[in-house]
Amino acid sequence: MADQPADKKFFENLSGAGKAIGVLTSGGDAQGMNAAVRAVVRMGIYVEAKVYFIYEGYQGMVDGGDNIVEVSWESVSSILQVGGTVIGSARCKEFRAREGRLKAAFNLIQRGITNLCVIGGDGSLTGANLFREEWSGLLEELAQSGKIEEEAVKKYVYLNIVGMVGSIDNDFCGTDMTIGTDSALHRIIEVVDAIMTTAQSHQRTFVLEVMGRHCGYLALVSALACGADWVFIPEYPPEEGWEEQMCVKLSENRARKKRLNIIIVAEGAIDSHNKPITSEKVKDLVVQQLGFDTRVTILGHVQRGGTPSAFDRILASRMGVEAVLALLEATPDTPACVVSLSGNQAVRLPLMECVQMTQEVQKAMDERKFCEAVRLRGRSFENNLNTYKLLSHRRPDAELPKTNFNVAVLNVGAPAAGMNAAVRSAVRVGITEGHNMFAVIDGFEGFARGQIKEISWGDVGGWTGQGGSLLGTKRTLPAKYLEKIADQMRTNNINALMVIGGFEAYESCLQLAEARARFEEFCIPICVLPATISNNVPGTDFSIGADTALNAIVETCDRIKQSASGTKRRVFIIETMGGYCGYLANMGGLAAGADAAYVFEEKFDIRELQANVEHLTEKMKTSIQRGLVLRNENSNENYTTDFIYQLYSEEGKGVFDCRKNVLGHMQQGGAPSPFDRNFGTKISAKAVQWISKKLKETYRKGKVFANTQDSVCLLGMRRRNLLFQPVVDLKDQTDFVHRIPKEQWWLKLRPLMKILAKYKTSYDVSDSGQLEHVARHSPKEAETGAI
C-alpha cells in the first residue's frame, strides 16, 4: 500500500469487528436501492462487520425469523443492474405501535444488531428515528418481562441509525437527488421522446401525467428536458385565469407551425385555491376551447420500474459506503443522520432536520404560501423552476428589452449529447434578455468562412431531445484563422461569444484571450460551456454529454454480463473512449460492477495485471463465474486492449476464457440523457445572464470593450456550486500534453470501485464524517448556487 499523506484521514482505523449492521428497504421502491444494499453489504463485510438483510422492511423486522438473515459477499452479486429492491419493501402498521417496535427490538437483539441502515422515504426514516429514541426503554421493558438478560441491556444500550433516501419523487429536503429520481426521469423522457414522434405525425396535443403526489420535481424537470409547453406542479400553481393563458400559448405555438403540444401534469397538481388539476380536466379544457386532437397518457408505475441509470448506481454506491462509515463513526451523542448529495459532494445531515423541513413544504402548500414552498424545496428546485419560466414562454416583442447587442453561439470539438439543449437555452434566454442571437455553423472553421446567421426563438424548438450537434462542430482551433475570424466579428458586429464544447473549446478561448493584444475584436465577453463525453475539461466536475456516454457504456456492460451468465467462466475486456481521461472507464466500472478499470491517471504495471488475473481466478471458484474489465483507450501505450486480452487469455487458460469489445463511437451518439439535457439547459441560461451582465459593465462610448481576464470565463460545476472561472487561471491546473486536468475529483472514487470488487485498498475519508446542518437559503442564493 502506498504511503499515506499525514494530513489525510483513512478508514483503516475504523474497524467494524464485533459490530452487526442490519439493512432494510422501506416504503415505495426506487431504482438504485439494490446498488445501495450491495454497497452497504460489501463495505460492511470489508470492515469486518456482520451484515444482515432485513426482508420486507419493518414488517420483516417485526416478524423476525427468516426475515433477518446474515449475508455474504456473494449474496449481493448481480443485483446492481436490477430495478426495485431484492430484499422487498412493505408498509407495516404494526411498527407504528409500540408493541410492534418492542417485537422488532427483541428480534434485533437476538442477533446483536445495533446498527441500522434504512433506505426509504421520509416516513420510513421518521419511524427509524422514533425507534432509536425509544430503544433503551424498549430494552428495559424486554428485560423486565424476562425476554432478554440485563447483560444484553448494557451491551446493546445504543442503536445507531443512518438513512439513505430512496424515492423517485425527489421529495426529501436536504439532498439534491434521491436514489431513483434520475432513473424515473429516464423512464419519463423515453416515453416523451416516443410520444413526440406520433404527436408530430398527427398534430396532436398530449397531456402526460407523471408521479409526484406532493412534489413536482419529476414533472418540472421532465418539462425542462423535453421543452414542454406547460407544466402543472403542486408547489407552484398557475395564476388565476390560467385556462385562457394556456390555450392562448398552445394556439400561438400551433400558429408558429409547431405540430405538437406537450403538457405535463404532476399527479398532485393543484390550482391556487388548492383544488386538484387533473390530466382529464386539462384535456377537456384543450378540446373544448381549441378543438385540438388531445390524448392523455398516465405513466403510472412505469416510472418506478426498469434498470437503474448510471447516475443512480453511482449515487447509491457512494451513499452506501458513506452510510457504513457513518455507522462506524457514530457515538451515542450523534443524532440519526441521513447521507445525501449536495452538488457533487456526499454529506451527512441530521435526519430529523431534513424530515422537519420536508414537512414544512407541505405545510406551506396547505397554507397557500407557494413561494415559501418553492424556497424550502432547495436551490436546485428553485433553479429548475426559474429556468423553465425563462425558456417556456416567449414574451411579445413589445415587452422585450432591446439591447442591440449581437451574441454568437458555436460548438467546438467532438459532438456531445446535450449540446443542442445548451444552444436552445442560450438562444431563448438571449432573446428574452433583448439580444440578437447568431448561430455559427461548423465551429471556428465556419466562423472564418462567414457561416453565421441570425437564429430565432422558433428555430430552436424541439432541440432538447436531439443528440449530436445540429449547428455542426469541428475540432479546428482558431489560431490559424484569427484574422478571418476578427473580420467576421467586425462585419457581423459580434459583441459576445458563447463557445460550447470540450477541451478544444477551452483551448480556443485561451487563444482568443491571448490574441486580444493584436485584435481588438476579441475584447468582448466570452464564455465556455464544457461539453464532451470525455469529461476532461479543467474547471468542472461534469461536462455536458458525459452522463449520456456513461449510460451507453453501462447499458452495454449489462448486456455483456448477461451473455456471460449463460456461458460461465468468462471475462470481458471492454475499451472505452475518453482520450487520456479515465472518467468513463472508472465511473462505468463503478456503475457496471467491474472487477478492474485501467486508466491513464493511475499508473499500472505487469504486476498489477497479474494480480487482477489471480483475483479473477479466485472469483471463478465462487458462484460468481464472470468478470468485467474496463480499459480507457489511452491508459497505456504498451498495455493495449489486445495485449491485456491476450495476457488474460493465456494466464486464465483452463480457468476462464476471454472476450474483448471496443465500444467506439456508440458512446458519442444517442438521445441525450435527462441529466445532460437539464445540465446543458441550466448552465447555458446562467452563462447568457453572465454575458448580459458583462456586456452592460463593458459598454462604453457606443461600443463593448472587455479586456480583463475575468471577461473570458469557463462555467463549471465545482463540488457544490456553479462557478465562472477565468480561463487564464485554469492554465496552471491543466496538463496540455494529455488534455486533462491535473487533479480530478473522481480519482477519489477509485478505491470505492476496488472495495466493491473485493480488493484490499485504502480509501480517503477526509471529505466525509462531518455532520452538517440543513441549509435554509435565501431566494438570492438560487441564482448563484447549485444546479
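The values are calculated or read from the model by the stated rules, or taken from the named source; none is laboratory data. These numbers were taken from a predicted model, which means no experiment stands behind them. Every residue, glycine as well, gets a Cβ built from its backbone with ideal geometry; the counts of neighbours run over all protein chains shown. The area values use the complete protein model at the heavy-atom level, side chains included, leaving out ligands, DNA and RNA. Shrake-Rupley method; radii C 1.70, N 1.55, O 1.52, S 1.80 Å.
K561 meets the conditions (1) surrounded by fewer than 23 Cβ atoms within 10 Å (Cβ to Cβ); (2) in a loop (DSSP other than H, G, I, E, B) in every case but one. The failed one is (2). Yes or no: the stretch 14-35 includes at least one residue that is part of a helix (DSSP H, G or I) and over 20 Å from P308 (Cα atoms). No, the conditions are met nowhere in the stretch 14-35.
Within the stretch 726-743, the set of residues being surrounded by fewer than 19 Cβ atoms within 10 Å (Cβ to Cβ) and not in a helix (DSSP H, G or I) comprises P726, D735, F736, V737, H738, K742, E743.
Determine which single condition K258 fails, assuming it passes every other condition in (1) open to solvent by 40 Å² or more (accessible area, probe 1.4 Å); (2) under 22 Å from F679 (Cα atoms); (3) not small (G, A, S). With (1) open to solvent by 40 Å² or more (accessible area, probe 1.4 Å); (2) under 22 Å from F679 (Cα atoms); (3) not small (G, A, S) applied to K258, the lone miss is (2).
Just the residues that are closer than 30 Å to Q625 by Cα and either charged (D, E, K, R) or in contact with a Pro (Cβ under 6 Å, 6 or more places away or on another chain) (or both), please, taken from the stretch 533-565. Let's see the steps before the verdict.
Filtering the stretch 533-565 for residues closer than 30 Å to Q625 by Cα gives 547-565.
Within the stretch 533-565, D547, T548, E555, D558, R559, K561 meet the criteria.
Among the residues of the stretch 386-409, those that are open to solvent by less than 30 Å² (accessible area, probe 1.4 Å) and touching a helix residue (DSSP H, G or I) at 6+ places or on another chain (Cβ under 6 Å) comprise T387, Y388, L391, F405, V407, V409. Residue count for the stretch 331-356, restricted to those that are assigned to a helix (DSSP H, G or I) and open to solvent by 10 Å² or more (accessible area, probe 1.4 Å): 3. Within the stretch 624-644, can you find the residues that are open to solvent by 50 Å² or more (accessible area, probe 1.4 Å) and in a helix (DSSP H, G or I)? Listed by number, the residues that qualify are D642, F643. Taking the listed residues G44, G57, G88, G84, the one that is touching a residue at least 12 places away in the same chain (Cβ under 8 Å) and more than 22 Å from D169 (Cβ to Cβ) is G44, with no other qualifying. Name the pairs: first residue in the stretch 425-442 and in a loop (DSSP other than H, G, I, E, B), second residue open to solvent by less than 10 Å² (accessible area, probe 1.4 Å) and among the hydroxyl-bearing types (S, T, Y), Cβ to Cβ under 9 Å, at least 6 apart or on different chains? Pairs that qualify, where the first residue is in a loop (DSSP other than H, G, I, E, B) and the partner is open to solvent by less than 10 Å² (accessible area, probe 1.4 Å) and among the hydroxyl-bearing types (S, T, Y), are E433/S692; G434/S692; H435/S692.
For the criterion of being assigned to a loop (DSSP other than H, G, I, E, B), out of contact with any strand residue (DSSP E or B) (no Cβ under 6 Å at 6 or more places or on another chain), open to solvent by less than 10 Å² (accessible area, probe 1.4 Å) and not polar (S, T, N, Q), P308 passes. Listed by first and then second residue, the pairs linking a residue in the stretch 607-623 that is outside any helix (DSSP H, G or I) to a residue that is among the hydrophobic types (A, V, I, L, M, F, W, C) and buried (at least 20 other Cβ atoms within 10 Å of the Cβ), with Cβ atoms under 6 Å apart and 6 or more places separating them unless they lie on different chains, are M620/F656.
Looking at the structure I just gave you, is L220 more than 18 Å from F370 (Cβ to Cβ), at pLDDT 95 or above and surrounded by 14 or more Cβ atoms within 10 Å (Cβ to Cβ)? Working first, answer last.
Working: more than 18 Å from F370 (Cβ to Cβ): no; at pLDDT 95 or above: yes; surrounded by 14 or more Cβ atoms within 10 Å (Cβ to Cβ): yes.
No: the conditions fail for L220.
Scanning the stretch 744-787 for residues that are among the aromatic types (F, W, Y) and open to solvent by 20 Å² or more (accessible area, probe 1.4 Å), we see that the one that is modelled with the highest pLDDT is W745. Restricting attention to the stretch 626-648, which residues are touching an Asp or Glu at 6+ places or on another chain (Cβ under 7 Å) and either within 18 Å of D595 (Cβ to Cβ) or of a type in the set (V, I, T) (or both)? Residues satisfying the conditions are G627, L628, V629, R631, T641. So which residues in the stretch 443-469 are in a loop (DSSP other than H, G, I, E, B), free of Cβ contacts under 8 Å to residues at least 60 places away in the same chain and surrounded by 19 or more Cβ atoms within 10 Å (Cβ to Cβ)? Matches in the stretch 443-469: I455, S469.
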